[in-house]
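Student: Could you have a look at this structure, given as structure tokens, before my questions?
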Amino acid sequence: MKTALRLSCIFLVHFICVAAYSQPSFREGYIINNNGDTTRGWIDYRQWEINPSSIKFKTDQHAGQSQSPSLKDLSAFEVTGHDRYVRAIVNKDMRTVVISKLDNAVDSTITDTVFLRTLLEGKVSLYQYQDEKIHYYIKEEGKDFQELIYKLYLKDGKLIETHG
């Protein structure tokens, strides 16, 4: 009887947590489309651990339906008082930084279009992108995005760490 009660409680708590997380959390913000036009409204803010490739947006907080603009539709968006994201074409270093998964493989870089989270804006701006690992980028005014490289690799069975 105690086991059944415990399992029921665990299931109930799990269900409540999942339901709470899946609830929309629309926050004030704006989107900037590819023409540079800004639309103010409400963004379903998820405090993304993995950078989003699309968002949920509506112009009226109480509207039932939301739009789902994506990388191809937006040049930037901001959740007011929280995060700002900009679309960028970047080179991503795809080598793992998980020691148990290291091998002697050659460098692996891909070019991708992503939303970068803005960390600091100025003459030199700092951005973050997270997928399987965290990538940091800098951008000087008038120049392209450049990844700040952190690599781990094996050489003759020894762990080598480089920064670039």
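The values are calculated or read from the model by the stated rules, or taken from the named source; none is laboratory data. No experiment lies behind these values; they were computed from the predicted model shown. Ideal geometry is used to build each Cβ from the backbone, glycine not excepted, and the neighbour counts take in all protein chains shown. These accessible areas exclude ligands, DNA and RNA; they are computed on the full protein's heavy atoms, side chains included. Shrake-Rupley method; radii C 1.70, N 1.55, O 1.52, S 1.80 Å.
Student: Quick check for you: with a 1.4 Å probe and neighbouring chains kept, what is the accessible area per residue of the range 35-142, in Å²?
Tutor: Working: 6420 Å² over 108 residues.
Heavy-atom SASA per residue in the range 35-142 reads 59 Å².
Student: What distance in nm separates the simple spin-label points at S70 and K123, each placed 7 Å from Cα in the Cβ direction?
Tutor: 4.0 nm
Student: Label points 7 Å out from Cα along the Cβ direction at N91 and T39: separation in nm?
Tutor: According to this spin-label approximation, the distance is 3.6 nm.
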